[in-house]
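Undergrad: My structure is below; once you've seen it, I'll send some questions.
The values are calculated or read from the model by the stated rules, or taken from the named source; none is laboratory data. Quick caveat, the model's predicted, so the values are computed rather than measured. Positions of Cβ are generated from backbone atoms using ideal geometry, with glycine treated the same way; all protein chains shown enter the neighbour counts. Ligands, DNA and RNA are stripped out before the accessible areas are found, and what is left, the full protein with its side chains, is counted by its heavy atoms. Shrake-Rupley method; radii C 1.70, N 1.55, O 1.52, S 1.80 Å.
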Amino acid sequence: MINGFLTCTVCRRSFASDEPRWRCDCGGILDLDFAPGIDRRALAGRPPTLWRYREVLPIRDDANIVSLGEGFTPLTAIELEGRTVHLKLDHLSPTGSFKDRGASVLVSHAKEIGIGHVVEDSSGNAGAALAAYSAAAGIRCRIFAPAGCSPGKLAQIRAAGAALTEVNGPRRETTRAVLRAAESTWYASHGWSPYFLHGTKTCAYEIVEQLGWRAPDVLAVPVGNGTLLLGAHLGFGELRAAGLIDRIPRLVAVQPANCAPLHRAFMAGETTVPEVEASPTVAEGTAVDAPIRGAQILAAVRATGGVVLSVGEDEILDALSLLLGRGHCVEPTAAVGMAGLRNILPGMDRDEVSVVVMTGHGLKAGERLAGFRNGTPR
Ligand SMILES: *Cc1c(COP(=O)(O)O)cnc(C)c1O
Ligand SMILES: [Zn+2]
């Protein structure tokens, strides 16, 4: 068995990884006890998907891999205020967001342990990814989404054949609805499942490989539940343990000021994350008022010497204009990382290498882009 145990982060109880459970009996988050290594010489000639890092992905049998060709998205660069900023184009993933990384590994695991029906809650992109990978695996899928999400994302969920339940009221009503469903159906939660993080960690592997086997100095990402940030931290940690990089980049977690529980907790020096009263934000993918792995996110950012930033709605739209105007068709949430990086760029050394992940495609929120002309909101 290559994929070890699920261990509770609170009471340390452990469970076999083929047990269909999504949290501990004590309510604690489960992490996967799985510390793999990889030999980069083995990668030559492997296909350009995230499954090229096969040894570090916690799926036992190749026959259970559910893949739509995700991963190995381009790493490109733009000039910004006389500096080079690398962009990781994860919006070019099969369903148009980085969530495909996590969904591919999570649904492969579901298939491996014989799950036939999953439920998940999402503001859109995680649901669209889970719906697509469930369809590819022949697994039934129901998504709970807060009413009022981008219609394109909701259409995408239905188009993949998933059942969609829109839930009125604040985000916590959607959470309540999915937890009820999770009493009888497997909860394929991107926020809870460690398998999702073992998928998103491949973003770090790719960035390092694409930079010629070196780590960047800074990685900036938009953060809601932190699955990309925590995955990146896990991936860079594994790469360092394998001796492939010598340090972990400073992780810059960026949140919209209108919904910034992590920023508030980080600035207050807290180690846990109290829920905040959020107001609406154009960056819907980061509208998470109570991030499930909040304490882990704060610890990861601090361990790397990074920072949690918050950015205003105008800064998000400015960064979005900049990206659209350079030809990168991303959704507003995907501009949050760039908005944050712009605020710290002047204080960075000129030779430092920074990467920002473009997390979601602009066509998912086409109605929001309708107001932009020549990259400028009107
Ligand atoms: C989900 C999402 C995010 C935030 O990811 P978390 O894992 O919740 O931190 C950022 N951008 C886009 C486009 C997303 O869909
Ligand atoms: Zn426990």
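Undergrad: Of the numbered conditions (1) within 14 Å of ligand 1 (Cβ to nearest atom); (2) open to solvent by 10 Å² or more (accessible area, probe 1.4 Å), Leu323 satisfies every one except a single condition; which is it?
TA: Against the list (1) within 14 Å of ligand 1 (Cβ to nearest atom); (2) open to solvent by 10 Å² or more (accessible area, probe 1.4 Å), Leu323 comes up short only on (2).
Undergrad: Which ones in segment 198-227 are touching a Ser or Thr at 6+ places or on another chain (Cβ under 8 Å), of a type outside the set (Ser, Thr, Tyr), more than 13 Å from Val355 (Cα to Cα) and part of a helix (DSSP H, G or I)?
TA: From segment 198-227, those touching a Ser or Thr at 6+ places or on another chain (Cβ under 8 Å) are 199-200, 206, 216-224, 227; that's our starting set.
Then drop every residue that is not of a type outside the set (Ser, Thr, Tyr), which leaves 199, 206, 216-224.
Checking the rest, the ones that are also more than 13 Å from Val355 (Cα to Cα) come to 199, 223-224.
The answer is Gly199, and nothing else.
Undergrad: Return the residue satisfying two criteria in turn: it lies in segment 10-28 and is surrounded by 15 or more Cβ atoms within 10 Å (Cβ to Cβ) and near ligand 2 (Cβ under 9 Å from one of its atoms), and of such residues it is farthest from the chain's Cα centre (by Cα).
TA: Per the criteria, the residue is Cys24.
Undergrad: Please go through (1) under 24 Å from Cys329 (Cα atoms); (2) in contact with a helix residue (DSSP H, G or I) (Cβ under 7 Å, 6 or more places away or on another chain) for Gly82 and return the number of the only condition it doesn't satisfy.
TA: Every condition holds for Gly82 apart from (2).
Undergrad: I've got another one for you. Only one of His190, His198 is at pLDDT 95 or above and open to solvent by 10 Å² or more (accessible area, probe 1.4 Å); which?
TA: On the way: His198 fails: open to solvent by 10 Å² or more (accessible area, probe 1.4 Å).
Answer to the check: His190.
The rows are residues; the columns are (1) of a type in the set (D, E, K, R); (2) open to solvent by 20 Å² or more (accessible area, probe 1.4 Å); (3) within 16 Å of ligand 1 (Cβ to nearest atom).
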site	(1), (2), (3)
Gly4	no, no, no
Leu30	no, no, no
Arg60	yes, yes, no
Ala63	no, yes, no
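Undergrad: For segment 340-350, indicate whether the set of residues that are among the aliphatic types (A, V, I, L, M), under 21 Å from Gly285 (Cα atoms) and open to solvent by 20 Å² or more (accessible area, probe 1.4 Å) is non-empty. Show your work before the answer.
TA: Here is the first cut: in segment 340-350, the ones among the aliphatic types (A, V, I, L, M) are 341, 344-345, 348.
From what is left, the residues that are under 21 Å from Gly285 (Cα atoms) are 341.
Keeping just the survivors that are open to solvent by 20 Å² or more (accessible area, probe 1.4 Å) gives none.
Checked segment 340-350: no residue is among the aliphatic types (A, V, I, L, M), under 21 Å from Gly285 (Cα atoms) and open to solvent by 20 Å² or more (accessible area, probe 1.4 Å).
Undergrad: Still on this structure, please answer the following. Determine if segment 45-58 includes at least one residue that is of a type in the set (Phe, Trp, Tyr), more than 25 Å from Glu284 (Cα to Cα), open to solvent by 10 Å² or more (accessible area, probe 1.4 Å) and away from ligand 2 (no atom under 16 Å from the Cβ). First the steps, then the outcome.
TA: Of the residues in segment 45-58, the ones of a type in the set (Phe, Trp, Tyr) are 51, 53.
If we keep only those that are more than 25 Å from Glu284 (Cα to Cα) too, we end up with 51, 53.
Right, trim to open to solvent by 10 Å² or more (accessible area, probe 1.4 Å) and you get 51.
This time we only want the ones that are away from ligand 2 (no atom under 16 Å from the Cβ), so: 51.
Checked segment 45-58: at least one residue is of a type in the set (Phe, Trp, Tyr), more than 25 Å from Glu284 (Cα to Cα), open to solvent by 10 Å² or more (accessible area, probe 1.4 Å) and away from ligand 2 (no atom under 16 Å from the Cβ).
Undergrad: In segment 265-282, how many are out of contact with any strand residue (DSSP E or B) (no Cβ under 6 Å at 6 or more places or on another chain) and either more than 17 Å from Gln296 (Cβ to Cβ) or open to solvent by less than 60 Å² (accessible area, probe 1.4 Å) (or both)? Don't jump to the end; show me each part of the working.
TA: Step one: filter segment 265-282 for residues out of contact with any strand residue (DSSP E or B) (no Cβ under 6 Å at 6 or more places or on another chain), giving 265, 267-280, 282.
Still in the list and also either more than 17 Å from Gln296 (Cβ to Cβ) or open to solvent by less than 60 Å² (accessible area, probe 1.4 Å) (or both): 265, 267-269, 273, 276-280, 282.
Counting residues in segment 265-282 that are out of contact with any strand residue (DSSP E or B) (no Cβ under 6 Å at 6 or more places or on another chain) and either more than 17 Å from Gln296 (Cβ to Cβ) or open to solvent by less than 60 Å² (accessible area, probe 1.4 Å) (or both) gives 11.
Undergrad: Another question, if that's okay. Checking the conditions here, which among Thr227, Thr174 is within 16 Å of ligand 1 (Cβ to nearest atom) and modelled with pLDDT under 95? It would help to see each step written out before you state the result.
TA: Details: Thr227 fails: modelled with pLDDT under 95.
When all the criteria are applied, what remains is Thr174.
Undergrad: I'm trying to understand the selection: among the residues of segment 143-163, which are over 20 Å from Ser279 (Cα atoms) and crowded, with 17+ Cβ neighbours inside 10 Å?
TA: Within segment 143-163, Ile143, Phe144, Gly152, Lys153, Leu154, Gln156, Ile157, Ala160, Ala162 meet the criteria.
Undergrad: Scan segment 245-264 residue by residue and report those that are touching a Phe, Trp or Tyr at 6+ places or on another chain (Cβ under 7 Å) and open to solvent by 20 Å² or more (accessible area, probe 1.4 Å).
TA: Answer for segment 245-264, where residues must be touching a Phe, Trp or Tyr at 6+ places or on another chain (Cβ under 7 Å) and open to solvent by 20 Å² or more (accessible area, probe 1.4 Å): just Ile248.
Undergrad: Now, a different point. Scan segment 105-126 residue by residue and report those that are in a loop (DSSP other than H, G, I, E, B) and either within 16 Å of ligand 2 (Cβ to nearest atom) or aliphatic (A, V, I, L, M) (or both). Let's see the steps before the verdict.
TA: If we filter segment 105-126 for residues that are in a loop (DSSP other than H, G, I, E, B), which is where we start, we get 113-116, 122-124.
Ile113, Ile115 - these are the residues of segment 105-126 that are in a loop (DSSP other than H, G, I, E, B) and either within 16 Å of ligand 2 (Cβ to nearest atom) or aliphatic (A, V, I, L, M) (or both).
Undergrad: Also, I was wondering about something else. If the requirement is being open to solvent by 20 Å² or more (accessible area, probe 1.4 Å), touching a Pro at 6+ places or on another chain (Cβ under 7 Å) and either within 16 Å of ligand 1 (Cβ to nearest atom) or of a type in the set (A, V, I, L, M, F, W, C) (or both), which of these qualifies: Leu75, Leu68? Before the answer, list the steps.
TA: On the way: Leu75 fails: touching a Pro at 6+ places or on another chain (Cβ under 7 Å).
When all the criteria are applied, what remains is Leu68.
Undergrad: Looking only at segment 177-197, count how many residues are in a helix (DSSP H, G or I) and β-branched (Val, Ile, Thr). It would help to see each step written out before you state the result.
TA: Of segment 177-197, the ones in a helix (DSSP H, G or I) are 177-181, 194-197.
Filter once more, keeping what is β-branched (Val, Ile, Thr): 178.
Residues that pass the stated criteria total 1.
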